[in-house]
Structures are given as C-alpha cells and as structure tokens.
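The values are calculated or read from the model by the stated rules, or taken from the named source; none is laboratory data. Just so you know, these numbers come straight off a predicted model, no measurement behind them. Glycine gets a Cβ as well: all are built from the backbone with ideal geometry, and neighbour counts include every protein chain shown. Surface accessibility is based on the protein's heavy atoms, side chains included, excluding ligands, DNA and RNA. Shrake-Rupley method; radii C 1.70, N 1.55, O 1.52, S 1.80 Å.
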Amino acid sequence: MPGTRKLGKPTDQRMAMLRQQVTDFLDSGRMETTVARAKEVGPLAEKMITLGKKNTLASRRQALAFITREDVVTKVFAELAPKYAERNGGYTRVTKIGPRRGDAAEMAVIELV
C-alpha cells in the first residue's frame, strides 16, 4: 500500500494516477513531477523492480496487476532487474528542482540510480 499522502484525490483516482506514473517512470527511467508525488512513486517503483528480481510467474503476475502496460513489465524483468541484481533497494533518487512557474508547487525529478 502506498504511503499516507492523499494528493487531493479520492482513493480510486489516486491509485490510477500512481499506477500510470509508475508505469511511465519505469518506461523512461526519469520523470519530473511534484515532490509529494515523487515520494509516493519511488517506493512503488522500487517494489516493482524487486518483483522483477524474484523473476517468478507469481511476481510477474503481481507486476502485471499494477503496471498498466505489458511491454514495461517485460522491460522491468529483462533489463532493470538484472541491472540492480546486486543492489539491496535504493533504486530511485528524488532531487528537488524548485517551484513550478504556474502555481509555485515544489517540483522534483525522480530517476533511477
């Protein structure tokens, strides 16, 4: 279950948004978003990479249940998981980049280490 931040959305909308952001983040390896969203996306993305490291049928099905695109699941299991095989967690980095021009929301870049 994600952290305690509600991000101004009901549960179903929040989970749909986080699933999509995790999918896009794992696909590109880098994403610019607000600090609060980045802090929510990070642990979820790390959990998907950890599932990829297990590389069982059950873990692949768990990843497919959360990630919205099958090609991204294949990328996680084939490319990202072997890359982080020797690393015990800490696959993401959140870097603050200052306020957004329109509404002064604090922005951050989340990227794979």
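Check every DSSP H run in the chain and write down those whose alpha carbon atoms cover 24 angstrom or more along the long axis and whose mean Kyte-Doolittle hydropathy is -1.0 or greater.
In the chain, the long hydrophobic H runs are 11-28, 35-54.
Report, in listed order, any pair from K6/K75; K9/K83; K39/K83; K9/K96; K6/K96 with a Cα-Cα distance greater than 27 Å.
K6/K75; K9/K83
How much area per residue is accessible in region 1-87 when the probe is 1.4 Å and only protein heavy atoms are counted (Å²)?
Counting only protein heavy atoms, the per-residue value for region 1-87 is 57 Å².
Using a cut-off of 15 Å between alpha-carbon atoms, which aspartates and glutamates can reach K53, once sequence neighbours fewer than 8 places away in the same chain are excluded?
The qualifying aspartates and glutamates are E79, E86.
For T74 and N55, calculate 0.36 nm times their separation in residues minus their Cα-Cα distance, and state this gained length in nm to one decimal.
Answer, rounded to one decimal: 5.8 nm.
Amide H neighbours of T92 under 5 Å, counting only residues 5+ apart in sequence or on other chains, H built in-plane at 1.01 Å?
Sorted by chain and number, the residues that satisfy this are V113.
With +1 on each Lys and Arg Cβ and -1 on each Asp and Glu Cβ, how big is the dipole of the chain about its Cα centre, in debye rounded to the nearest 20?
That gives the chain a dipole magnitude of about 260 debye.
Spin-label point model (7 Å from Cα, Cβ direction): what's the N88 to T4 distance in nm?
Going from the N88 label point to the T4 one covers 2.7 nm.
What spacing in nm lies between the two simple spin-label points modelled at A16 and A105, each 7 Å away from Cα in the Cβ direction?
1.7
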